[in-house]
Amino acid sequence: MNPHFNRRTALHAAAVGAAALGAALLLPLAAQAQANYPDKPIKFVVPYPPGGGTDVVARIVQMRLQAALGQNVLIDNKGGAGGSLGTDVVAKSAPDGYTVLFTLSSHTINPAIFPKLPYDTLKDFEPVGLVASLPQILVANTAVPVRTVADVVAQAKAAPDKSSFASVGNGSPGHLAGELMVIRTGAPMLHIPYRGGGPAITDVMGGQVPYLWVSIPAAAQHVKAGKLKALAVSTVKRSAAFPDVPTMQEAGVADFEVDSWYAMLVPAKTPKAIIDKLNKALNTVLAEPAIRAQLLEQGAEAVGGTPEALGKVIAAELPKWAKLAKDANIKAD
């Protein structure tokens, strides 16, 4: 028998044994970490600036989630590139449950308009749960002489060079709503993308842009204060927060519907036990009447549900928005 062969065989066996022992030792540590989760603050990455709808909804559930999880929940606003910059931060974070993406439905729109994202919308994330759903709302600067959607369309056709609408960014639900309005009405309107609802609202109230399509939470307080004029909502049903504001279909624009939602996701490979803890905490918070009332005050309806339900929504919307982006020729700048 070759003594060198025996020695190599023995060394290989020892290495394999050491690796197996190391893996065996790590398993209890990983299980303990999951059992103790969370044992430090959790960071919610909101991929939009402060003041926008996503930020508003995140802060409504933040405090109660802290109580449900027994740890601080810190909000980190990372706006830019239609939400994809902050989303990429989460995609590349450790899958340990301490970095959570709190985003909106442009998560499923961005793949249709950005030629190449730095992450895979399906493969790089695990769904935690839907938080809320809501319509987009069309608002105008109070000095603009319009009262209805028909007035907006007439004005845009009469003076195309003076007609534009803002949104929280390319690929946002508001962007899609505005482009769908252009397609359905034939009104020529230029899209002005912003890096979040806060900056967009500031400019519309300041008169730099006449119109804005945005989520209701971002605009609600300004509409109620008379600083913005509400003209229509994007869903087929009126918003409970603004029951006097007509839908686009009621305003005469046929075949018009754009829903939007807020949700929580974590990096791929996050252990199921951690996802289940986050999901349970989220559903506990969303069942609280006070939280549901706060969301509804902002025009958002609490949803909740399982991670699998959110996964189905994401999978269904990716091809839907891809078709609309192609039909409307929507592309990232």
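The values are calculated or read from the model by the stated rules, or taken from the named source; none is laboratory data. Everything quoted here is computed from the prediction, not taken from an experiment. Don't worry about glycine lacking a Cβ; one is built from the backbone with ideal geometry, like all the others, and counts go over all protein chains shown.
Residue-by-condition table, conditions (1) hydroxyl-bearing (Ser, Thr, Tyr); (2) at pLDDT below 95; (3) buried (at least 24 other Cβ atoms within 10 Å of the Cβ):
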site	(1), (2), (3)
Thr99	yes, no, no
Leu104	no, yes, yes
Lys116	no, yes, no
Leu122	no, no, no
Glu126	no, no, no
Val131	no, no, yes
Asn141	no, no, no
Val146	no, no, no
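Would you check if Val128 is outside any strand (DSSP E or B) and either assigned by TED's automatic domain parsing to the domain that holds Asp203 or within 27 Å of the chain's Cα centre (by Cα) (or both)? In short, no. Selection of region 275-303 for residues being of a type in the set (A, V, I, L, M), outside any helix (DSSP H, G or I) and farther than 17 Å from Pro135 by Cα yields only Ala287. Of all residues in region 42-69, which are more than 13 Å from the chain's Cα centre (by Cα), in contact (Cβ under 8 Å) with a residue 24 or more places away in the chain and closer than 18 Å to Val266 by Cβ? Ile42, Lys43, Val61, Leu65, Ala68, Leu69, listed by residue number. When Ala281, Ala219 are checked against the criterion of being in the same structural domain as Leu101 (by TED's automatic domain parsing), crowded, with 19+ Cβ neighbours inside 10 Å and small (Gly, Ala, Ser), a single residue qualifies: Ala281.
If only residues of region 304-333 that are in a loop (DSSP other than H, G, I, E, B) and in contact with a helix residue (DSSP H, G or I) (Cβ under 9 Å, 6 or more places away or on another chain) are counted, the one that is surrounded by the most Cβ atoms within 10 Å (Cβ to Cβ) is Ile330. Of all residues in region 224-257, those satisfying the criterion of being at pLDDT 95 or above, small (Gly, Ala, Ser) and under 24 Å from the mean Cα position of the chain (by Cα) are Ala230, Ala232, Ser234.
Just one of the listed residues (Val204, Val182, Val153) is touching a helix residue (DSSP H, G or I) at 6+ places or on another chain (Cβ under 8 Å), closer than 21 Å to Ser234 by Cα, in contact (Cβ under 8 Å) with a residue 40 or more places away in the chain and of a type in the set (Val, Ile, Thr), and it is Val182.
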